Amino acid sequence: MMIAQKVRLGDLLIERGFITQEQLQKALAKQKALGFTKKLGEIFIEEGYLTQKELLKELSRQLQIEFVDLYGENIDFEKLATKYPFELLKAANAVPFKEDEDFLYVATSDPLNYDALDALEHTISMKPIKIYLALKEDIEVIFRRVDVLKKTKAIVSEVKKELRTEGLKKEGVESAVMQLITVIVKEAISKRASDIHIEPDEREMIVRARIDGMLYEMFAFDLEIYHALSSRIKLLGNLDISEKRVPQDGRFSLEVDGKMYDFRLSSAPTIYGESLVMRILDREKVLLRLDDLGFEDENLEMFNNLIEAPHGIVLITGPTGSGKTTTLYAALNEIKNISNKVMTAEDPVEYRLPLVQQIQVSDKTGLTFARAVKSFLRQDPDVILIGEVRDYETLDAAAQAALTGHLVFSTLHTNDAPGAIPRMIQMGLKSYLIADALMGVVAQRLVRKICPYCKTQIKPTKAQLKKVEKYLPQEPVFYGGQGCSKCDFTGYFDRTMISEILTVDDELSKLISENANKIVISQYAQEHTSYKPMIADGVNKALRGITTLEEVLRVTKG
């Protein structure tokens, strides 16, 4: 093992210009106040003096220890789960990732924890260990995976046993595979996941779940398990199990803990097999009210004014997965009643809404968005929802509907609200038609909320503060989540929306008809209307302790 070098971390970081002597004393005092339960490096990161990557880079230089990307290594998880004492690995925050004749190679995020690494060396290997540096998050992901492997071991061996003895066609195997599907789905739902991804690669199958917009690994199984699992899931979704070369879509329902869930299934052929994605559709989630989405009071009032307009186009913009459909459904919930007719054209229809006539568009049958909207006009609707404006034909049909006295809702893929106007012109709609038809544009993103159970005051990095300085008060205070069992040690729990709303007044309408560019529109809106850029909404939510500054900067341009 490497010789334990005397490294004074504080002095090293002062020398490299990351911290001052005064900041070091402050961190040492904080460490003492916490009863030395936290390492100095952790306190430096918490105080925003530097990031974990920067810290590891400095240690790598000083200790001359190489950095390793664990995702690029062929780690034997089975061996990790059975051969090594798991508690000892956790204490040293270390993962053995390969072995040769001379050394056992171990990655750690804490190379200065000499006692734990020494104990590890004496317990796990006859050979000397060679230390490498790795990110703490990567090591934690591996630990979680080993944990899950231990939990699912029994059910996996049952599936394998039945596969070998009875073959897939027999009922017994299906029950074991179905049991495994139920375990995966239950685990995902208990973690509040929106999607389950089943992905084969060269050596194994990985199951990941999208929780609060981020993908986390849940399970890893042998490819032998993958083939049985994918066939059973395809059967559930009424897909052709013999067809593995083209993408397919399906739908099924499952009861989990006495509650029915709908699943939208999508398969896509990859070089290692089919990638399966199951979107979890919780029937109760669609009945959201506008007040619950996360609009700030001013933005909520502006949005309510837009949806109460007698006619015109209201657009919701943002990338995939930014909550546009949820906002549209909440708006329809707000305005649908027995005295007005609401019609929607969607692809696909994810949720069934009462008092709303929903149409599933399909390119195969020739029922496009544009064709559906034209047919709506003969159905005497008051409100029309178009799932997405993808082409000129649909946009033109929406504009005609708006100009003939209908309120039209739709979505568009643009980065911000002012950007929707040049995008519509680029799609071919005349600027004077946009000026007449467009009522307003909402741009939105979803940010993760700080876990209320482990929320604590934190200090962002200087680089983060610099990006948002014009939106900050004199002495800003920010918060973050430390990570606890309630939030699965992510520090985040659930999501909320940050938004910007551009309403079209007479002057703005004139600018649009004169082909003004996005910068002119944005400048006018900020100076003369209630429009504020999305990042201002995000920073406001970070200052109020709803989300973190890091999260706001992740989803906006800063």
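Does Leu229 meet the test of being within 17 Å of Lys186 (Cα to Cα), in a helix (DSSP H, G or I), under 26 Å from the mean Cα position of the chain (by Cα) and not aromatic (Phe, Trp, Tyr)? Even if it seems obvious, please write down each step before you answer.
Values: within 17 Å of Lys186 (Cα to Cα): yes; in a helix (DSSP H, G or I): yes; under 26 Å from the mean Cα position of the chain (by Cα): yes; not aromatic (Phe, Trp, Tyr): yes.
Judged against the criteria, Leu229 is a match.
Taking the options Thr503, Thr547, name whichever one is closer than 30 Å to Arg144 by Cα and either in contact (Cβ under 8 Å) with a residue 24 or more places away in the chain or open to solvent by 30 Å² or more (accessible area, probe 1.4 Å) (or both).
On the way: Thr503 fails: closer than 30 Å to Arg144 by Cα.
Step by step, each of Thr503, Thr547 is checked, and only Thr547 is closer than 30 Å to Arg144 by Cα and either in contact (Cβ under 8 Å) with a residue 24 or more places away in the chain or open to solvent by 30 Å² or more (accessible area, probe 1.4 Å) (or both).
State which residue is nearest to Ile498 (Cα to Cα) when the search covers only region 512-535 and only residues that are buried (at least 18 other Cβ atoms within 10 Å of the Cβ) and hydrophobic (A, V, I, L, M, F, W, C).
Looking at residues that are buried (at least 18 other Cβ atoms within 10 Å of the Cβ) and hydrophobic (A, V, I, L, M, F, W, C), I get Met534.
Answer yes or no: is there a residue in region 463-477 that is open to solvent by less than 50 Å² (accessible area, probe 1.4 Å) and of a type in the set (Gly, Ala, Ser).
Looking through region 463-477, none of the residues is open to solvent by less than 50 Å² (accessible area, probe 1.4 Å) and of a type in the set (Gly, Ala, Ser).
Among the residues of region 349-370, is there at least one that is touching a residue at least 60 places away in the same chain (Cβ under 8 Å), within 25 Å of the chain's Cα centre (by Cα), under 28 Å from Ile498 (Cβ atoms) and not in a strand (DSSP E or B)?
yes
Of all residues being surrounded by fewer than 14 Cβ atoms within 10 Å (Cβ to Cβ), outside any strand (DSSP E or B) and at pLDDT 90 or above in region 247-277, which is farthest from the chain's Cα centre (by Cα)? Just the residue, please.
Ile271
Looking only at residues that are assigned to a loop (DSSP other than H, G, I, E, B) and over 16 Å from Phe143 (Cβ atoms) in region 69-95, which one is farthest from the chain's Cα centre (by Cα)?
Among those residues, the one meeting the criterion is Asn74.
Of all residues in region 35-51 being part of a loop (DSSP other than H, G, I, E, B) and within 24 Å of Pro476 (Cα to Cα), which is most open to solvent (accessible area, probe 1.4 Å)?
Initial filter on region 35-51 (part of a loop (DSSP other than H, G, I, E, B)): 35-39, 47-51.
Going one step further and asking which of them are within 24 Å of Pro476 (Cα to Cα), we end up with 47-51.
Numbers: Glu47: 25, Gly48: 6, Tyr49: 28, Leu50: 2, Thr51: 57 Å².
Residue satisfying both the conditions and the ranking: Thr51.
Given the residues Leu112, Leu117, which is the only one that is over 27 Å from Phe219 (Cβ atoms) and part of a helix (DSSP H, G or I)? Steps first, please.
Numbers: Leu112 fails: part of a helix (DSSP H, G or I).
One residue alone meets the criteria, Leu117.
Condition check ((1) among the aliphatic types (A, V, I, L, M); (2) over 24 Å from Arg208 (Cβ atoms)) across all residues:
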| position | (1), (2) |
| --- | --- |
| Ser230 | no, no |
| Ile280 | yes, no |
| Asp291 | no, yes |
| Asp297 | no, yes |
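Are any residues in region 3-59 within 25 Å of Glu121 (Cα to Cα) and among the charged types (D, E, K, R), and if so, which ones?
Correct list: Lys6, Arg8, Lys38, Lys39, Glu42, Lys57, Glu58.
Do you know which residues across region 52-68 are in contact with a helix residue (DSSP H, G or I) (Cβ under 8 Å, 6 or more places away or on another chain), part of a loop (DSSP other than H, G, I, E, B) and open to solvent by 50 Å² or more (accessible area, probe 1.4 Å)?
Within region 52-68, just Glu66 meets the criteria.
Can you confirm whether Val373 is closer than 29 Å to Ser266 by Cβ, open to solvent by less than 40 Å² (accessible area, probe 1.4 Å) and assigned to a helix (DSSP H, G or I)?
Values: closer than 29 Å to Ser266 by Cβ: yes; open to solvent by less than 40 Å² (accessible area, probe 1.4 Å): yes; assigned to a helix (DSSP H, G or I): yes.
It is true that Val373 is closer than 29 Å to Ser266 by Cβ, open to solvent by less than 40 Å² (accessible area, probe 1.4 Å) and assigned to a helix (DSSP H, G or I).
What do you reckon, is Ser194 of a type in the set (S, T, N, Q) and closer than 24 Å to Phe489 by Cβ? Break it down into steps so the answer makes sense when it comes.
Values: of a type in the set (S, T, N, Q): yes; closer than 24 Å to Phe489 by Cβ: yes.
Judged against the criteria, Ser194 is a match.
Being within 21 Å of Gln426 (Cα to Cα), open to solvent by less than 70 Å² (accessible area, probe 1.4 Å) and not in a helix (DSSP H, G or I) is the requirement here; does Glu388 meet it? Outline the logic, then answer.
On the way: within 21 Å of Gln426 (Cα to Cα): yes; open to solvent by less than 70 Å² (accessible area, probe 1.4 Å): yes; not in a helix (DSSP H, G or I): yes.
Against the criterion (within 21 Å of Gln426 (Cα to Cα), open to solvent by less than 70 Å² (accessible area, probe 1.4 Å) and not in a helix (DSSP H, G or I)), Glu388 qualifies.
Do we have any residue at all in region 117-127 that's touching a residue at least 40 places away in the same chain (Cβ under 8 Å) and surrounded by fewer than 17 Cβ atoms within 10 Å (Cβ to Cβ)? Before the answer, list the steps.
Taking region 117-127 and keeping what is touching a residue at least 40 places away in the same chain (Cβ under 8 Å), we get 117-118, 121, 124.
In the following step, the residues that additionally are surrounded by fewer than 17 Cβ atoms within 10 Å (Cβ to Cβ) were identified as 118.
Yes, region 117-127 has at least one match.
Do any residues in region 286-307 that are touching a residue at least 12 places away in the same chain (Cβ under 8 Å) have Cβ atoms under 7 Å from those of residues that are part of a loop (DSSP other than H, G, I, E, B) and surrounded by 15 or more Cβ atoms within 10 Å (Cβ to Cβ), where the two are at least six apart or on different chains, and which pairs are they?
Correct list of pairs: Val286/Tyr351; Phe303/Phe295.
Could you grab me the full set of residues in region 413-428 that are out of contact with any Phe, Trp or Tyr (no Cβ under 7 Å at 6 or more places or on another chain), surrounded by fewer than 22 Cβ atoms within 10 Å (Cβ to Cβ) and not polar (S, T, N, Q)?
His413, Asp416, Gly419, Pro422, Arg423, Ile425
Which one of the conditions (1) more than 20 Å from Arg390 (Cβ to Cβ); (2) open to solvent by 30 Å² or more (accessible area, probe 1.4 Å) does Phe295 fail to meet, given that it meets all the rest?
Going through the list (1) more than 20 Å from Arg390 (Cβ to Cβ); (2) open to solvent by 30 Å² or more (accessible area, probe 1.4 Å), Phe295 breaks only (2).
Give region 187-221 a look and list any residue that's open to solvent by 20 Å² or more (accessible area, probe 1.4 Å), over 14 Å from the mean Cα position of the chain (by Cα) and at pLDDT 90 or above, or say none.
Passing the criteria: Ile189, Glu199, Asp201, Ile206.
In region 20-34, how many residues are in a helix (DSSP H, G or I) and closer than 23 Å to Leu549 by Cβ? Write out each step before concluding.
Keep residues of region 20-34 that are in a helix (DSSP H, G or I), which gives 21-33.
Going one step further and asking which of them are closer than 23 Å to Leu549 by Cβ, we end up with 23, 26-27, 30.
Qualifying residue count, region 20-34: 4.
Being more than 31 Å from the chain's Cα centre (by Cα), modelled with pLDDT under 90 and in a strand (DSSP E or B) is true for just one of Lys169, Lys160, Lys98. Which residue is that? Explain how you work it out, then say what you get.
Numbers: Lys169 fails: in a strand (DSSP E or B); Lys160 fails: in a strand (DSSP E or B).
Just one listed residue meets the conditions, Lys98.
Which of the residues belonging to region 308-322 are buried (at least 21 other Cβ atoms within 10 Å of the Cβ) and either on the phi > 0 side of the Ramachandran plot or not hydroxyl-bearing (Ser, Thr, Tyr) (or both)? Lay out the reasoning, then the answer.
Step one: filter region 308-322 for residues buried (at least 21 other Cβ atoms within 10 Å of the Cβ), giving 313-318, 322.
Within region 308-322, Ile313, Val314, Leu315, Ile316, Gly318 meet the criteria.
Just a yes or no: is a residue in region 440-448 buried (at least 21 other Cβ atoms within 10 Å of the Cβ), closer than 20 Å to Asp506 by Cβ and among the small types (Gly, Ala, Ser)?
yes
Could you list, in sequence order, all residues of region 335-369 that are in contact with a Pro (Cβ under 9 Å, 6 or more places away or on another chain), under 18 Å from Ala401 (Cα atoms) and open to solvent by 40 Å² or more (accessible area, probe 1.4 Å)?
Of everything in region 335-369, those that are in contact with a Pro (Cβ under 9 Å, 6 or more places away or on another chain), under 18 Å from Ala401 (Cα atoms) and open to solvent by 40 Å² or more (accessible area, probe 1.4 Å) turn out to be Lys341, Gln357.
Which condition from (1) out of contact with any Asp or Glu (no Cβ under 8 Å at 6 or more places or on another chain); (2) under 20 Å from Gly323 (Cα atoms) is the one that Met439 breaks?
So the condition that Met439 fails would be (2).
The values are calculated or read from the model by the stated rules, or taken from the named source; none is laboratory data. Keep in mind that this is a model prediction, so the values were computed, not measured. Note: ideal-geometry Cβ built from the backbone for every residue, glycine included; neighbour counts use all protein chains shown. Note: areas computed on protein heavy atoms with side chains; ligands, DNA, RNA excluded. Shrake-Rupley method; radii C 1.70, N 1.55, O 1.52, S 1.80 Å.
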